[in-house]
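Beneath this line is the structure, given in structure tokens, with notes to follow.
The values are calculated or read from the model by the stated rules, or taken from the named source; none is laboratory data. What you see is a predicted model; the values in this text were computed from it and never measured. All Cβ positions, glycine included, derive from the backbone under ideal geometry; neighbour counts span all protein chains shown. Side chains included, ligands, DNA and RNA excluded: accessible areas come from the protein's heavy atoms. Shrake-Rupley method; radii C 1.70, N 1.55, O 1.52, S 1.80 Å.
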Amino acid sequence: MSNAAVTARIANGISSIRAEDWNACSGTSNPFVTHDFLALLEDSESAVAETGWQPIPIVIDGADGRPAAIAPAYGKSHSQGEYVFDHGWADAWEQAGGRYYPKLQLAVPFTPAPGPRLLLRDDSLAPALIASIEAVADRHNLSSAHATFVAPDQLPLFEAAGWLIRAGTQFHWHNQGYAAFDDFLGDLASRKRKAIRKERAGAIEGLTIRHATGREITEADWDAFWIFYQDTGARKWGRPYLTRAFFSLLGERMADKVLLILAERDGRPIAGALNLIGADTLYGRYWGCTEEVPFLHFELCYYQAIDAAIARGLRTVEAGAQGEHKLARGYVPEPTWSAHYIPDPGFRRAVAQFLEQERQAVTSDREWLGETTPFRRDRAP
């Protein structure tokens, strides 16, 4: 398909594109949009057509014959694993006689981490890439195209193309130049400091906390974490999204970007939290346990992540989707954004009206949450 003098193509999966060509567009600061991460989701059969995530990257080649712009696109046959919920839209469209699925999704599967959804070696190609995404939806009679967890600096590109914008909220921790965890605690109100110290002490009593990255992570560690992940996945989603092979491939291909935090009792792992390390952000992804210990979830996922970010000089910890309980642990509300292309005029009007009302509620709620952080008023971030 063409837009003026630009021609786009649909590639046969992420693995069909050379890693160096992909990463020349994506960069490597956000680990989730790198070739390694997206290809291992495909190679592990976690995100493939059979699981409702058919990888169909949309590519514009440059004059040198190499990709100059890529959209990490998927053909979706359901709305699972996205964390931006459109089930109500699907029900409404199908009750009106339409077919909502398949739809087009620009996303990192199972990963609610903001990042670029237009991977650009040549920034001038952004409008053409968006037009190509729209053309794919139009020519295949798809109900819609969705770019979820869009990096804020790319949001104006979708707005300029007329996509509908949806707001959400996550809770992120920000490093204010702290040298140690106690420096962070010093910015909190006295009552909150005491509560966190008490939580931490109770959570780790009788346990050893181990941080592993790179070659320190063994297959035995992955075996243990797979059990944790299965338990959490079964309770949250009915079945886990990721296969066991995903974790071994993650260890093989991206171990230096992985921080695995394990809680051990007498040398036996009983809980764990998986994080990915970006250029300036620690991304919390999965957690699970085989033994219930009060506050251990908060310790491994939030406080140990803060410790790790401070030690590495990282600016932010993003601990995943939702969770107002993060607020009391020093994670503050931040806006997240998605963009939606809906070709049918009537359906678009209905969704636009819904989004306007929802955005007002989300903004109001986020402002209220921002007034309830645990920080001292003179040190609020």
**OP:** Determine which member of the set Glu42, Glu50, Glu20 is open to solvent by 20 Å² or more (accessible area, probe 1.4 Å) and in contact with a helix residue (DSSP H, G or I) (Cβ under 6 Å, 6 or more places away or on another chain).
**Re:** Glu42
Subject >> Elements of type helices (runs of 4 or more DSSP H) contained in the range 147-243, each with 1 or more residues being under 27 Å from Lys76 (Cβ atoms) and open to solvent by less than 50 Å² (accessible area, probe 1.4 Å) >> reply: 155-160, 219-237
**OP:** Could you list, in sequence order, all residues of the range 136-164 that are closer than 19 Å to Arg359 by Cα and in contact with a His (Cβ under 8 Å, 6 or more places away or on another chain)?
**Re:** His146, Ala147, Trp163, Leu164
Subject >> Filter result for the condition that a residue is surrounded by 15 or more Cβ atoms within 10 Å (Cβ to Cβ), among the hydrophobic types (A, V, I, L, M, F, W, C) and in contact with an Asp or Glu (Cβ under 9 Å, 6 or more places away or on another chain), over Ile58, Ile14, Ile10 >> reply: Ile14
Original post:
Is at least one residue of the range 271-293 without any contact (Cβ under 8 Å) to a residue 40 or more places away in the chain, assigned to a helix (DSSP H, G or I) and either more than 30 Å from Phe184 (Cβ to Cβ) or touching a strand residue (DSSP E or B) at 6+ places or on another chain (Cβ under 9 Å) (or both)?
Top reply: no
**OP:** Of the conditions (1) closer than 18 Å to Gln170 by Cβ; (2) in contact with a strand residue (DSSP E or B) (Cβ under 8 Å, 6 or more places away or on another chain); (3) open to solvent by 10 Å² or more (accessible area, probe 1.4 Å), Phe85 clears all except one; give me its number.
**Re:** (2)
Original post:
Exactly one of (1) more than 19 Å from the chain's Cα centre (by Cα); (2) of a type in the set (D, E, K, R); (3) closer than 27 Å to Ser77 by Cβ; (4) part of a helix (DSSP H, G or I) is unmet by Asp21. Its number?
Top reply: (3)
Original post:
Are any residues in the range 102-146 touching a Cys at 6+ places or on another chain (Cβ under 8 Å) and either hydroxyl-bearing (Ser, Thr, Tyr) or open to solvent by less than 20 Å² (accessible area, probe 1.4 Å) (or both), and if so, which ones?
Top reply: Leu119
